[in-house]
Structure formats: structure tokens, C-alpha cells
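Working notes, structure below.
The values are calculated or read from the model by the stated rules, or taken from the named source; none is laboratory data. All values derive from a computational prediction rather than experimental measurement. Cβ atoms come from the backbone with ideal geometry, glycine included; neighbour counts cover every protein chain shown.
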Amino acid sequence: MRPQAAAAALSDDEVLGLRADFPILADERLVYLDSGATSQKPFAVLDAERAYLEHENAAVHRGAHSLAAEATERFEDARATVAAFVGAEEEELVWTENATAALNTVAYGIGNASAGRGGPEADRFRLRAGDELVVTELEHHANLIPWQELAARTGATLRFIPVDDAGALDLAEAARIIGPATRLVAFSHVSNVLGGMSPVDDLVALAQGVGALTVLDACQSVPHLPVDVQALGVDFAAFSGHKMLGPTGIGALYGRRELLDALPPFLTGGSMITTVTMERAEYLPAPQRFEAGTQPVAQAIGLAAAARYLDAIGMARIAAHEAELGARLAEGVAAIDGVRLLGPAPGEPRVGLASFAVDGVHAHDVGQFLDDRGIAVRVGHHCAQPLHRRLGITASTRASTAVYTTRQEVDLLLDGLRDAVTFFGVRS
């Protein structure tokens with residue numbers, strides 16, 4: 001396979017043209033640098049949801065009438081679109097409420113298998129005394145607490161791969177920790193605090209070497225990078241809709257087909273069964289076995305519209321654009337006396353996200369100062385308390401970009417941060 005030429009970043013004019021697609025960005029006073037928390041939505045997504053609700057709304061996989069058949073077709077077409085966007089087969093994509101629900105679907109499914117549910121095919125997931133689950137010190141709480149709970153319910157041991165002072169994973173420690181007792185390794189693709197990328201190939205190789213499952217939190221990568229879950233070699237991956245220009249209330253779980261078909265379901269009820277008696281139930285194959293109850297049809301259609309929107313721009317070009325913004329952020333923040341840049345140093349790879357701490361000033365005060373200037377950022381621990389504790393701080397300020405973010409907005413953030421340092425009397 002020949003090496004591909006690097007994609008060109010989006011030009012200023014192209015970004016300005018894209019911004020016209022986002023109604024909320026018509027407010028020129030808003031400098032929105034909180035896309036890592038939730039992204040803004042283009043007309044294409046809003047219109048797709050509205051059109052469905054106005055003209056095609058019906059219960060999917062249930063009614064025999066033509067409107068229900070049309071709604072079901074649109075729902076399954078959306079699944080195929082989003083699956084293709086991340087390099088999966090449509091049978092390998094499960095709709096969930098959000099990424100947290102997707103990760104819990106795996107954790108609780110393994111817990112159910114460990115309790116003897118699911119039949120002989122689920123035995124591959126059963127945890128026994130002495131088994132170990134491995135996570136990293138980088139994780140969002142959504143990719144930590146489900147594994148804590150699973151360990152508590154099954155008696156498995158939870159271990160973690162540490163990070164160094166810059167927030168990089170210690171691969172030597174990973175190789176020491178991941179061993180014959182390891183049954184699962186869960187890790188983020190991109191840190192939601194630091195913006196750096198995890199060494200997925202290395203972690204997958206270590207896990208596969210001992211026969212362990214791999215679970216990828218792809219929330220901060222799918223909206224910003226070309227992602228092919230099959231090429232990455234992970235067993236499961238979770239991502240959310242609202243971070244990738246799509247609606248709230250929907251996420252997705254990717255799982256290799258043979259694993260999904262063997263994993264016991266987490267939620268049970270209507271729509272995910274074949275036969276029910278007063279004593280027992282039999283479940284549909286994946287993905288429907290994990291989709292109990294009324295499904296988020298409008299949201300799925302909106303998420304598919306978001307995937308098509310991003311695909312039309314080109315994920316490689318979006319990644320190049322946001323890498324430039326991330327570099328601009330990192331270099332600018334690191335150059336300000338009295339401000340500590342977290343994560344990769346300037347010049348090292350990162351997505352368009354940077355967190356920082358101002359000496360002697362709480363992150364909430366920094367965020368309020370910036371908000372007074374119309375600059376929206378995230379403050380707090382970003383659902384990653386253990387990582388902040390490891391870095392010796394309780395909170396940080398995070399600026400995060402998206403396809404619609406301009407270089408000028410990054411510069412306005414840096415100007416505001418310099419003014420904040422002066423205002424609060426920070427000394428280097």
C-alpha cells in the first residue's frame with residue numbers, strides 16, 4: 001500500500017463558509033471553544049430530524065403499515081451510514097443513549113455472563129477469581145467507573161496503567177501489567193483532558209498477546225480524526241452523537257459481530273426478543289438484542305446526517321485543520337508566563353484541544369473571565385478526577401475546537417488568557 005499524501009488543512013475561507021451552516025454561530029459575539037463537551041449542529045442535521053418528524057414519524061420494527069416500514073428503512077439506513085463512517089459493518093453498530101451507555105452495555109453484559117446468563121456462548125466473557133481488568137490513568141469516568149463496578153460485582157481485580165508527568169502512558173508499565181490474568185483492557189483513543197492520542201496499536205497488541213478483550217473510548221477521536229475501528233483491531237468502541245455535530249440522546253457501540261452475538265444484553269424488554277413465555281425469553285441477534293424499547297429514530301437520522309456532513313468535507317482535512325489549531329493553542333498557552341499547559345508539549349501531536357492551569361487562580365475564575373469576553377470554554381475536572389490528581393491539580397480550563405473553529409478564535413482565547421494573567425496578578 002502506497003503512503004498517502006498528507007491532506008491539506010481547511011483554508012480560512014473554507015471554515016468561514018462552513019460556519020454559515022451552523023445557525024448558532026451567526027452570533028458574532030460567541031467564541032465557542034467547548035466542542036469537546038458538545039458540538040454545535042449544522043442545518044443538515046436539524047433539517048434531517050425535522051423532516052423525519054414532520055413526514056415519516058412512526059414506530060420502527062413494529063408496525064405493518066407503510067409509514068412504519070418507511071421509518072424502519074430510514075432508521076436502518078442511518079445505522080449503515082454511521083457504521084460505514086467508522087469502518088464497521090451495520091450489524092456491528094448498536095444504538096445507545098450515549099457513549100456512557102455504550103460502555104456500560106459491555107460492562108454489564110460481561111457481568112451478566114459472569115453470573116451465568118447468556119448460555120455457553122457467553123462463557124468467553126465470564127470473569128473468575130484472579131482475573132484482572134486493566135484501564136489507564138487517562139480515563140474519563142465513563143470508561144473507569146463501569147469497570148470499577150464490574151470488578152466489585154465479580155471479584156475481579158482492577159489495575160491501571162500509569163501516566164508520566166506529561167500525561168503520556170507508560171508503555172513499559174503497560175507491558176508489565178497486561179499479562180496472563182488480564183481479561184480486558186479499556187482505554188481512550190484521545191484524552192478528553194490532554195488532547196494526546198493513545199498508542200492504540202501497542203495496547204491492542206499487548207492485549208491480543210494474552211487473549212484479552214479491548215474496549216476503546218472513541219468519543220474524542222471519531223469527530224476529529226479518520227477512524228476505522230476494524231483497522232484499529234479493537235473488540236469494542238464507544239462514541240457519542242452530540243460531540244460529532246449530531247443530536248443529543250444518541251450514542252453508538254461498535255462490537256465485533258461474533259462478540260455481540262455472544263454477549264448477554266444489558267437492558268431487556270420489548271423489541272429485542274424473539275419468543276417470550278411466562279418463564280423465559282429468547283433474544284434477537286445483534287444489534288437488536290441490545291436495543292430494548294422505543295428507539296431514538298429521529299436522533300439516529302440526525303446522526304447519519306452529521307456523518308454525511310463530515311464525510312463530505314473529508315475527515316483527513318478536518319484532522320489537519322484541527323491539528324493546526326491544536327498546535328496553535330499549545331504553542332500559545334505554553335508561551336504565557338504563569339500558565340501550565342497540560343499534556344503533549346508544543347510540537348508534539350495533539351487534536352484541537354488543550355487544557356491548562358493558571359498559577360494561583362481557580363479554573364472557574366479563569367472560565368468566568370473568558371466568558372465575560374464571549375469565550376466559551378470548559379472548566380473543572382472534565383470527568384477525569386484521577387488524572388487531575390495525578391497531575392497535581394484539582395481543576396483545569398479546557399479549550400476545544402471543531403471543524404467550524406477559526407484561527408482567529410484561537411487567537412482571541414490566547415489574548416483573553418494573557419489578559420486574565422494580568423488581571424489576576426499572576427507572577428511567573
So L353, is it hydrophobic (A, V, I, L, M, F, W, C) and closer than 16 Å to Y32 by Cβ:
yes
What's the number of the only condition in (1) within 27 Å of L245 (Cβ to Cβ); (2) touching an Asp or Glu at 6+ places or on another chain (Cβ under 8 Å); (3) modelled with pLDDT under 95 that E121 fails to meet?
(1)
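Looking at the structure I just gave you, is R183 closer than 19 Å to L206 by Cα and surrounded by 15 or more Cβ atoms within 10 Å (Cβ to Cβ)?
Judged against the criteria, R183 is a match.
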Keeping to the stretch 142-175, report how many residues are within 26 Å of S355 (Cβ to Cβ), more than 20 Å from the chain's Cα centre (by Cα) and assigned to a loop (DSSP other than H, G, I, E, B).
5
Got at least one residue in the stretch 35-43 being among the aromatic types (F, W, Y) and free of Cβ contacts under 8 Å to residues at least 24 places away in the same chain?
yes
Checking the conditions here, which among A286, A298, A304 is over 30 Å from D419 (Cβ atoms), crowded, with 21+ Cβ neighbours inside 10 Å and touching a Phe, Trp or Tyr at 6+ places or on another chain (Cβ under 8 Å)?
A298
Being on the phi > 0 side of the Ramachandran plot and free of Cβ contacts under 8 Å to residues at least 40 places away in the same chain narrows G425, G360, G367 down to just G425
Among the candidates R340, R350, single out the residue that is assigned to a strand (DSSP E or B), within 27 Å of P199 (Cβ to Cβ) and not assigned by the TED database to the domain that holds V222.
R340
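Using the structure shown, decide if V31 is in contact with a Ser or Thr (Cβ under 6 Å, 6 or more places away or on another chain) and over 29 Å from A231 (Cβ atoms).
Numbers: in contact with a Ser or Thr (Cβ under 6 Å, 6 or more places away or on another chain): no; over 29 Å from A231 (Cβ atoms): yes.
Spelling it out, it is not the case that V31 is in contact with a Ser or Thr (Cβ under 6 Å, 6 or more places away or on another chain) and over 29 Å from A231 (Cβ atoms).
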Checking F266 against (1) out of contact with any Phe, Trp or Tyr (no Cβ under 6 Å at 6 or more places or on another chain); (2) in contact (Cβ under 8 Å) with a residue 12 or more places away in the chain; (3) surrounded by fewer than 24 Cβ atoms within 10 Å (Cβ to Cβ), which single condition isn't satisfied?
(1)
Filter the stretch 114-142 for residues that are within 19 Å of Y254 (Cα to Cα) and not charged (D, E, K, R) and give the result.
A122, F125, V135, H140, A142
For A330, indicate whether it is at pLDDT 95 or above, closer than 24 Å to D165 by Cα, out of contact with any helix residue (DSSP H, G or I) (no Cβ under 8 Å at 6 or more places or on another chain) and buried (at least 16 other Cβ atoms within 10 Å of the Cβ).
yes
Does L133 satisfy the criteria of being outside any helix (DSSP H, G or I), crowded, with 22+ Cβ neighbours inside 10 Å, assigned by the TED database to the domain that holds S188 and at pLDDT 95 or above?
yes
